[in-house]
Amino acid sequence: MAASYEVTATRKRPQDFDRLVGQDFVVSTLENAIKENRIAHAYLFSGPRGVGKTSSARLLAKALNCEKGPTPHPCGECDSCRSIAQGKAVDVIEIDGASNTSVNDIRAIKEEVMYPPQTSRYKIYIIDEVHMLSTSAFNALLKTIEEPPEYIIFIFATTELQKVPATIRSRCQQFRFNLIGQDLIIGCLKSAAEDLDIEADEDALFWIARESTGSMRDAYTLFDQVAAFSGKHITLQKIREKLSIAGFAAISDIARAALTGNTEKALSSLSTLFDSGVSADQIIKDSAEFFRTLMLYKAGIRRPEILGSALSDIPEDIISMLSDEQIEAALKAFLNLYRDVRYSLSPRFEIELMVLRLSSLPSLVSPSSLVRKLEDMKKGIAEGSIVVTAPRKTVTVTARNADDVRKETAFTEKKEEAPSEEKEDEGETEDIEKEKPFTLTLKDLPAIQEALRKMGKSIAARYITSVEKIEENDGVITFHLSKALAYNSLKNDEKSISAAIASAFGESIAIKLKLEEKENSDSAFSPQMKELKSFFGGNLIKTKEDEDSKEIVENHATEHEPVRTDENYGLDSEPDEDN
């Protein structure tokens with residue numbers, strides 16, 4: 001019968017403190033405590049997953065119960081060491097805190113601690129994920145861990161120290177475990193590959209170590225997965241193909257094409273990634289890691305374990321064309337995209353849009369950069385290193401003809417300056433081109449009407465031709481109207497009319513609207529008619545057919561119906577072109 005397969009994480013579990021990787025402080029402290037016989041009754045191991053908390057608890061139990069101990073270097077051969085390594089020791093009880101959360105489970109422990117160990121020196125309780133215990137369970141445990149029997153030792157392990165009550169933490173010696181460095185993980189992976197007689201490329205092991213994010217157990221688990229499909233040779237190319245990852249080089253090619261304006265190549269390379277099975281989340285994640293690497297490299301970081309990439313893979317050409325702020329803006333954009341893409345109609349569309357936006361990244365300027373440039377210019381002008389020259393004077397002349405054709409002609413006034421003595425002797429005179437005064441006539445109204453239509457001001461365009469007279473006084477042009485409907489309609493668009501004149505004739509002028517009163521006075525009408533006028537607006541007009549008996553109220557409010565006062569009076573209103 002073939003021997004059963006053992007995963008690398010279990011096979012490579014450290015059996016003594018010397019093989020515990022990346023936790024030098026924990027190892028040295030525990031070894032010194034054992035040498036000096038300063039054994040605490042409760043320990044609390046906290047830190048990220050897969051960094052050796054449970055392994056350290058077993059090593060401590062083995063060191064305390066070794067037949068040759070207590071010793072910081074257990075023999076590993078006695079019955080106690082072997083039973084602890086195999087998880088069969090009756091006096092070393094491992095409890096999963098996630099499965100035994102109730103107060104009844106803790107009460108069972110309180111009853112058990114009254115009995116001394118059967119074959120070992122200490123009775124040791126290892127409670128993993130202790131933060132999962134309920135509040136009642138923690139309260140039930142307080143008295144026991146504060147004053148346990150001399151042969152009882154508690155070792156708690158947790159990944160979330162903040163969830164452990166302060167009353168528990170204060171009764172324990174606390175050890176904080178750190179993430180393991182990439183170089184140490186790579187060394188352990190090389191050893192695991194040698195044990196299996198597998199050849200592994202350096203860049204492949206570097207990728208596995210980077211993906212493990214400091215967890216040795218995660219690194220061994222990923223190594224087993226990669227070794228399963230790589231045969232006897234682990235390469236980064238095989239990892240990319242089988243695990244569908246974008247890779248640093250692929251993202252670099254896409255970014256280079258986009259930043260140099262070759263968006264067709266960038267989108268084509270992106271499509272190739274999607275076709276190969278790389279997920280949208282993975283592309284965004286790899287892109288964010290790419291620009292993070294560039295940002296750190298730009299800041300002077302050269303350690304591969306911090307950069308997350310080998311120095312030979314860093315694209316110097318991309319770094320040279322982007323500033324620190326531009327790289328930071330790209331990284332922030334991909335981080336925001338990762339948060340927003342889950343609500344997107346199509347993640348692929350979002351990534352394609354982001355790739356297109358990368359083409360404008362080299363021209364991106366932050367507000368802080370603009371302020372610095374303005375300050376540098378101000379300083380240069382003050383110091384004289386920057387000379388500001390005045391531009392040549394330009395005069396604009398606007399010409400018109402009877403057909404309302406408007407042409408704008410710009411010319412530059414050129415003058416050759418001669419010595420003043422020569423001008424005085426020769427009696428020369430300088431001809432200066434004078435700008436023609438700007439005037440408006442009724443013939444110009446169609447051009448203003450067309451400009452208003454282009455501006456979307458349909459009502460003002462409809463009534464602008466109702467102007468009956470145009471006058472100019474002190475630079476202000478007055479439009480005279482006799483119809484109140486046209487006056488009221490244009491009154492709300494005075495600024496638009498000025499803008500239309502500037503658009504049609506290239507002149508910015510001030511305008512004013514004036515409503516001319518009718519020859520007949522309101523005094524000829526009754527107080528009731530005047531009250532109607534104040535309510536509806538407009539003017540009171542006598543008809544020619546019967547001036548003594550009939551009055552017409554000109555109502556311009558579209559929300560009211562025409563009102564007749566009696567059989568001799570009617571409403572004279574402007575026709576509505578829309579109706």
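The values are calculated or read from the model by the stated rules, or taken from the named source; none is laboratory data. Please read these numbers as outputs of a predicted model, since none were measured by experiment. In this analysis, Cβ positions are derived from the backbone assuming ideal geometry, glycine residues included, and neighbour counts consider all displayed protein chains. Keep in mind that these areas ignore ligands, DNA and RNA; they rest on the heavy atoms of the full protein, side chains included. Shrake-Rupley method; radii C 1.70, N 1.55, O 1.52, S 1.80 Å.
When the residues of the range 143-165 are filtered to those that are closer than 19 Å to residue 175 by Cα and in a helix (DSSP H, G or I), the one that is most open to solvent (accessible area, probe 1.4 Å) is 162. Within the range 21-43, the set of residues being open to solvent by 30 Å² or more (accessible area, probe 1.4 Å), within 15 Å of residue 61 (Cα to Cα) and outside any helix (DSSP H, G or I) comprises 37, 38, 39, 41. Sub-8 Å Cβ pairs linking a first residue in the range 176-191 that is at pLDDT below 90 to a second residue that is in a helix (DSSP H, G or I) and open to solvent by 80 Å² or more (accessible area, probe 1.4 Å), at least 6 apart or interchain, number zero. Among the residues of the range 341-373, which ones are open to solvent by 70 Å² or more (accessible area, probe 1.4 Å), in a helix (DSSP H, G or I), at pLDDT below 90 and not hydroxyl-bearing (Ser, Thr, Tyr)? Scanning the range 341-373 gives 342, 367, 370, 371, 372, 373.
Which of the residues belonging to the range 302-327 are within 28 Å of residue 183 (Cβ to Cβ) and either among the β-branched types (Val, Ile, Thr) or open to solvent by 70 Å² or more (accessible area, probe 1.4 Å) (or both)?
Selection gives 302, 303, 306, 311, 312, 313, 314, 316, 318, 319, 324, 327.
Whenever a residue of the range 225-246 is within 18 Å of residue 186 (Cα to Cα) and in a helix (DSSP H, G or I), its partners that are of a type in the set (Lys, Arg) and open to solvent by 30 Å² or more (accessible area, probe 1.4 Å), lying with C-beta atoms within less than 7 angstrom and at least six residues away or across chains, give the pairs 230/238. Looking at residue 184, is it buried (at least 22 other Cβ atoms within 10 Å of the Cβ) and assigned to a helix (DSSP H, G or I)? Considered against the rule, which asks whether it is buried (at least 22 other Cβ atoms within 10 Å of the Cβ) and assigned to a helix (DSSP H, G or I), residue 184 comes out as no. Taking the criterion of being among the aromatic types (Phe, Trp, Tyr) and either at positive phi or in contact (Cβ under 8 Å) with a residue 60 or more places away in the chain (or both), the only residue of the range 68-125 that qualifies is 122. Annotation note: Cβ proximity below 8 Å between a residue of the range 269-295 that is free of Cβ contacts under 8 Å to residues at least 60 places away in the same chain and a residue that is among the acidic types (Asp, Glu) (sequence gap 6+ or interchain) occurs for 269/253; 276/241; 295/324; 295/328.
For the range 173-208, the set of residues classified as under 33 Å from the mean Cα position of the chain (by Cα) and of a type in the set (Phe, Trp, Tyr) consists of 177, 206, 207, listed by residue number.
Determine which member of the set 89, 98 is farther than 22 Å from residue 178 by Cα, modelled with pLDDT under 90 and surrounded by 15 or more Cβ atoms within 10 Å (Cβ to Cβ).
On the way: 98 fails: surrounded by 15 or more Cβ atoms within 10 Å (Cβ to Cβ).
89 is the lone residue from the list that is farther than 22 Å from residue 178 by Cα, modelled with pLDDT under 90 and surrounded by 15 or more Cβ atoms within 10 Å (Cβ to Cβ).
Taking the numbered list (1) of a type outside the set (Asp, Glu); (2) at pLDDT below 90; (3) crowded, with 19+ Cβ neighbours inside 10 Å in turn, residue 52 passes all entries but (2). Checking each residue in the range 61-78 for being open to solvent by 40 Å² or more (accessible area, probe 1.4 Å) and farther than 20 Å from residue 10 by Cα picks out 67, 68, 70, 73. Residues in the range 245-275 that are among the polar types (S, T, N, Q) and open to solvent by 30 Å² or more (accessible area, probe 1.4 Å): 260, 262, 263, 268, 269, 271, 272.
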